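Visitor: Got a structure here, written out as structure tokens. Questions coming.
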Amino acid sequence: MWQWQHVRLFTPWSFLIDPAGKRLLEAEGNWTEPEAERVPCAGELIERFLDPLSNHSLIAPQIRLNHTVVSVSREGHDRMKDGRRNEAPFLIVAETPDGPQRFRARAVIDASGTWTSPNPIGAGGVRADGEREAQSSIQYGMPDVLGRDRERYAGKRVLVVGSGHSATGNVLSLIELAKHVPETSIAWGIRRVSAEKLWGGGNADEIAERGQLGTRAKAAVDDGRVTLLTGLSIVAVKRCPSGLEIVDVNGESRIVVDEIIVASGARPDLAMLRELRLQFDPATEASKTLGPLIDPNHHHCGSVPPHGAVELRQPERGFYLAGMKSYGRAPTFLLMTGYEQVRSIVAELAGDHEAARNVELVLPTTGVCSTQFANEETATAST
Ligand SMILES: Cc1cc2nc3c(=O)[nH]c(=O)nc-3n(C[C@H](O)[C@H](O)[C@H](O)COP(=O)(O)OP(=O)(O)OC[C@H]3O[C@@H](n4cnc5c(N)ncnc54)[C@H](O)[C@@H]3O)c2cc1C
């Protein structure tokens, strides 16, 4: 979250604080709960909730910083081997400042997110030709356009690719930059052929902050501050004397730019779980049972049914995916969902099966999350 600390969230504090975390912090007596209706930036969420929580006397001793997990397996059992698999502890191998270290555990909750494995710019989920070679001019996610990355984008021709909230946020930041550096030119490429669903729920969105994103972006497209390229399914990024040429699926050169920001979602990195027996939903790469419940072809954030240990259970007993990673490629995850997932999983591991099954989740309803996929028509090769 530090990497996108500059991003203003779209849910207010009342949807950002984990109830169990709140109880712990309140019991320590020196924490002030932020104002429920206010919408903070990600950096503020870290400073006012996650940092204090990680410093809590019960939590701090359990955290191992600078440990990157490289594999999770069953000790002595590769994926193929049955043996006494369910009785073997999990073996977690991590890269640490002191070299590789091995840990053993009865259970594992993998909540490592999807932020570090963004989807490529290319159509159909594959890397565009030349995408790798053009890396120095491509950023994925949400760069700090108005802060740390300002010099990179000021006065440049920038293409934003994607049609979710992150893409919209990038476009709005560039619009702000262009107010100060008018030479900055902004193009916005979306795969769908119609912009109709791009603007989100507007006033109908229960989360006002999120509704306004689309409304502001539409105004900028309407008055020409942003050039919208619809039906943009990219197959190649070519470096040419005048910049980066963007070639679409029909072989047509659509635009030449200096910089590209790709915000077209992310996918789970499953490499470190290769030796485990896991099942995923084939469409979303979410946990198998959860996938159909959250598939963005059919659901938006507010319609996600409450779910917990039962839905997140894997054939590998004692292993759970939680948080953003449990949703696979589905972009509709909200923090409150993750807090409830983890509460249920921990209750299950602690033997309180009734509490594990008693899942409750109230999320803000909206039509906007569905804009990502529902009824989407995209450009495909005409040949
Ligand atoms: C721009 C943006 C805005 C969002 N706004 C909201 C919002 O307003 N409200 C809302 O409810 N949700 C929002 N979300 C969705 C979601 O709540 C966040 O993405 C949230 O950060 C997901 O939490 P997570 O813990 O699952 O994953 P992450 O926050 O991505 O955390 C994963 C952690 O695991 C660590 N990690 C990764 N790999 C390893 C490894 N191999 N070994 C050790 N550690 C590892 C990472 O360093 C990271 O610290 C937003 C998401 C984005 C991207």
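Visitor: Can you tell me which of Leu172, Leu159 is under 21 Å from the mean Cα position of the chain (by Cα) and away from the ligand (no atom under 15 Å from the Cβ)? Give the derivation first.
Guide: Working: Leu172 fails: away from the ligand (no atom under 15 Å from the Cβ).
The unique qualifying residue is Leu159.
Visitor: Identify, from the list Arg267, Arg274, Arg225, Arg239, the residue that is among the charged types (D, E, K, R) and within 22 Å of Leu172 (Cβ to Cβ). Outline the logic, then answer.
Guide: Working: Arg267 fails: within 22 Å of Leu172 (Cβ to Cβ); Arg274 fails: within 22 Å of Leu172 (Cβ to Cβ); Arg239 fails: within 22 Å of Leu172 (Cβ to Cβ).
Result: Arg225 is the single residue among Arg267, Arg274, Arg225, Arg239 that is among the charged types (D, E, K, R) and within 22 Å of Leu172 (Cβ to Cβ).
To keep it simple, each residue is scored yes or no on (1) under 20 Å from Ser112 (Cα atoms); (2) in contact with a Lys or Arg (Cβ under 7 Å, 6 or more places away or on another chain); (3) assigned to a loop (DSSP other than H, G, I, E, B).
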| site | (1), (2), (3) |
| --- | --- |
| Ala36 | no, no, yes |
| Val39 | no, yes, yes |
| Arg48 | no, no, no |
| Val69 | yes, no, no |
| Ser73 | yes, no, no |
| Lys81 | no, no, yes |
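Visitor: Pull out all pairs, ordered by first then second residue, where Cβ-Cβ is under 7 Å, the residues are six or more apart or on different chains, the first lies in segment 5-21 and is closer than 24 Å to Leu58 by Cβ, and the second is acidic (Asp, Glu) and outside any helix (DSSP H, G or I).
Guide: Trp13/Glu35
Visitor: Further, regarding this structure: Please tell me if Pro52 is surrounded by 15 or more Cβ atoms within 10 Å (Cβ to Cβ) and in contact (Cβ under 8 Å) with a residue 24 or more places away in the chain. First the steps, then the outcome.
Guide: Working: surrounded by 15 or more Cβ atoms within 10 Å (Cβ to Cβ): yes; in contact (Cβ under 8 Å) with a residue 24 or more places away in the chain: yes.
Against the criterion (surrounded by 15 or more Cβ atoms within 10 Å (Cβ to Cβ) and in contact (Cβ under 8 Å) with a residue 24 or more places away in the chain), Pro52 qualifies.
Visitor: From the list Thr11, Thr32, Thr96, which one is assigned by TED's automatic domain parsing to the domain that holds Leu335, among the hydroxyl-bearing types (Ser, Thr, Tyr) and in contact with a His (Cβ under 6 Å, 6 or more places away or on another chain)?
Guide: Just one listed residue meets the conditions, Thr96.
Visitor: Just one of the numbered conditions (1) of a type outside the set (Ser, Thr, Tyr); (2) under 16 Å from Pro19 (Cβ atoms); (3) surrounded by 19 or more Cβ atoms within 10 Å (Cβ to Cβ); (4) at pLDDT 95 or above is not true of Leu334; which one?
Guide: (4)
Visitor: To continue, here is another question. Could we say that Ala154 is in the same structural domain as Glu348 (by TED's automatic domain parsing) and more than 25 Å from the chain's Cα centre (by Cα) here? Quick ask: steps written out before the conclusion?
Guide: Working: in the same structural domain as Glu348 (by TED's automatic domain parsing): no; more than 25 Å from the chain's Cα centre (by Cα): yes.
No: the conditions fail for Ala154.
Visitor: Sticking with this structure for a sec: Could you say whether any residue in segment 124-135 is away from the ligand (no atom under 15 Å from the Cβ), closer than 30 Å to Ile261 by Cα, among the aliphatic types (A, V, I, L, M) and touching a Ser or Thr at 6+ places or on another chain (Cβ under 6 Å)?
Guide: no
Visitor: Would it be correct to say that Thr337 is under 28 Å from Ser166 (Cα atoms), in contact (Cβ under 8 Å) with a residue 12 or more places away in the chain and out of contact with any Asp or Glu (no Cβ under 8 Å at 6 or more places or on another chain)?
Guide: Numbers: under 28 Å from Ser166 (Cα atoms): yes; in contact (Cβ under 8 Å) with a residue 12 or more places away in the chain: yes; out of contact with any Asp or Glu (no Cβ under 8 Å at 6 or more places or on another chain): yes.
For Thr337, the condition - under 28 Å from Ser166 (Cα atoms), in contact (Cβ under 8 Å) with a residue 12 or more places away in the chain and out of contact with any Asp or Glu (no Cβ under 8 Å at 6 or more places or on another chain) - is met.
Visitor: Within segment 26-81, can you find the residues that are closer than 23 Å to Pro12 by Cα and within 11 Å of the ligand (Cβ to nearest atom)?
Guide: Val39, Pro40, Cys41, Ala42, Leu45, Ile46, Leu50, Ser54
Visitor: All but one of (1) modelled with pLDDT of 95 or more; (2) crowded, with 17+ Cβ neighbours inside 10 Å; (3) closer than 28 Å to Thr332 by Cα hold for His77; which doesn't?
Guide: The failed condition is (3).
Visitor: For the list (1) of a type in the set (S, T, N, Q); (2) in a helix (DSSP H, G or I); (3) under 30 Å from Ser287 (Cα atoms), I need the number of the one condition that Thr215 fails.
Guide: (3)
The values are calculated or read from the model by the stated rules, or taken from the named source; none is laboratory data. Everything numeric in this text was worked out from a predicted model, so none of it was measured. Methodologically, a virtual Cβ is constructed for each residue, glycine included, from the backbone with ideal geometry; neighbour enumeration extends over all protein chains shown.
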